[in-house]
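The values are calculated or read from the model by the stated rules, or taken from the named source; none is laboratory data. All values reported here derive from a predicted model rather than from experimental measurement. Because the Cβ atoms are built from the backbone with ideal geometry, glycine has one as well, and the counts that use them run over all protein chains shown.
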Amino acid sequence: MERLPGAISWDELLAAADRTGAPVVALDPVQQSDLCALPYSSGTTGVSKGVMLSHRNLVSNLCSSMFAVGEELVGQVVTLGLMPFFHIYGITGICCSTLRHKGTVVVMDRFDLRTFLGALVTHRVMFAPVVPPVMLAMVKSPVADDFDLSGLALRSIMTAAAPLAPDLLAAFEKKFPGVQVEEAYGLTEHSCITLTHAASGDDARQGPVQVAKKNSVGFILPNLEVKFVDPDTGRSLPKNTPGEICVRSQAVMQGYYRKKEETERTIDAKGWLHTGDVGYIDDDGDVFIVDRIKELIKYKGFQVAPAELEAILLSHPSVQDAAVFGLPDEEAGEVPVSCVVRRCGASESEADIMAYVAGRVASYKKLRLLQFVDVIHKSVSGKILRRQLRDEFVSRTKTAAA
């Protein structure tokens with residue numbers, strides 16, 4: 001087997017220990033089904049849970065997604081490791097996938113836009129897996145103007161963990177022409193990547209590449225089964241009909257650590273992992289994500305997706321960041337409300353921004369309340385912490401009414 005410069009094999013490492021005269025410790029053979037990693041779920045809609053992933057789970061996921069890098073780039077790939085390595089995105093999407101192709105990972109200990117952009121330039125980074133808030137900063141922050149980004153080696157930037165607003169995608173492509181934006185979808189319970197924007201087919205290098213549509217999360221990876229079901233009845237739904245995404249493959253987790261009931265609610269008797277996410281597949285095989293089932297706002301029987309309203313808010317020139325969630329309402333069941341971070345120097349009122357949204361959506365999707373805040377709380381993986389924002393929203397409302 002070809003070896004990278006400076007690397008030693010596991011057998012050589014053990015042999016070196018033997019020469020020290022230390023007692024030899026017998027190691028049990030590692031089985032494919034043995035527990036390999038125990039990352040925790042994001043916990044954005046409930047308590048974070050330990051996800052038991054086996055060696056087979058992780059290797060299976062890598063085998064399904066390995067086509068994304070062509071043979072000509074093996075040994076040449078430089079990936080920016082921004083996401084935390086205790087998160088599945090960092091474990092599989094950055095570390096394992098890059099090392100699988102004999103590449104280099106440039107590690108950042110935390111996100112700082114100036115350091116991030118400097119690393120792209122200095123280390124000739126080719127791939128940068130990020131989350132939408134990073135792309136938002138790249139587009140809207142004046143810090144980017146301090147760098148000469150014309151000679152970037154950056155080929156693609158992959159975004160996952162949260163939906164990417166269409167206007168943000170358009171703004172990014174305008175500011176960074178030539179950089180391919182790949183939207184992906186995955187979850188800890190499936191060892192990371194489930195759908196990817198790169199290309200369709202069992203092996204994209206063996207035939208014509210089918211490019212995914214913008215704002216889709218791409219195509220179903222090889223070796224997976226995916227279906228879309230009615231979350232109430234479990235009935236499989238036809239194409240172009242939103243339903244809960246269910247996946248079955250060798251990458252599905254063994255279960256939640258010491259949580260048997262939660263495991264049985266998530267993985268059914270036939271091995272289908274119920275993701276809790278709503279999406280649909282179109283006639284061309286592109287998959288689109290709508291939102292989390294638990295985060296959909298039920299307004300008078302209508303379903304309102306927070307991600308749709310957030311995308312509209314982010315298209316407003318005075319909005320730096322935004323989050324939408326539902327609040328209980330006696331008459332409507334729930335009403336859509338929002339927290340918004342204004343850009344420095346912006347003077348628009350809450351009513352101005354609510355009117356901007358109202359002019360672009362059906363009446364049942366209109367925001368009923370809006371508050372300006374200093375920050376939109378997010379998890380380390382970039383997901384909006386709606387429960388925390390909701391609690392703070394309610395607290396401010398009660399204080400103002402007192």
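Some observations on this one:
- Set side by side, the residues Thr275, Thr263, Thr194 differ, and just one is outside any loop (DSSP other than H, G, I, E, B) and modelled with pLDDT under 90, which is Thr194.
- Among the residues examined, Asp146 does not qualify as under 21 Å from the mean Cα position of the chain (by Cα) and either modelled with pLDDT of 85 or more or over 19 Å from Thr79 (Cβ atoms) (or both).
- The conditions of being part of a loop (DSSP other than H, G, I, E, B) and either closer than 15 Å to Met253 by Cα or at pLDDT 70 or above (or both) are met by Asp28.
- Residues satisfying the stated conditions in region 349-402, i.e. surrounded by fewer than 18 Cβ atoms within 10 Å (Cβ to Cβ), among the basic types (Lys, Arg) and not in a loop (DSSP other than H, G, I, E, B): Arg387, Arg390, Arg396, Lys398
- Region 92-121 - residue that is basic (Lys, Arg) and outside any loop (DSSP other than H, G, I, E, B) and, of those, nearest to the chain's Cα centre (by Cα): Arg100
- In region 298-321, of all residues being among the small types (Gly, Ala, Ser) and over 23 Å from the mean Cα position of the chain (by Cα), the one that is modelled with the highest pLDDT corresponds to Ser318.
- Count of residues meeting criterion [on the phi > 0 side of the Ramachandran plot and without any contact (Cβ under 8 Å) to a residue 12 or more places away in the chain] in region 311-370: 1
- Test result for Lys294, over 20 Å from the mean Cα position of the chain (by Cα), more than 16 Å from Glu189 (Cα to Cα) and at pLDDT below 90: no
- Yes/no for Pro306 being surrounded by fewer than 19 Cβ atoms within 10 Å (Cβ to Cβ), under 20 Å from Pro166 (Cβ atoms) and not charged (D, E, K, R): no
- Tallying residues that are more than 13 Å from Leu367 (Cβ to Cβ) and assigned to a strand (DSSP E or B) within region 298-322 yields 5.
- Residue in region 335-348 that is assigned to a loop (DSSP other than H, G, I, E, B), under 24 Å from the mean Cα position of the chain (by Cα) and under 23 Å from Ala161 (Cβ atoms) present: no
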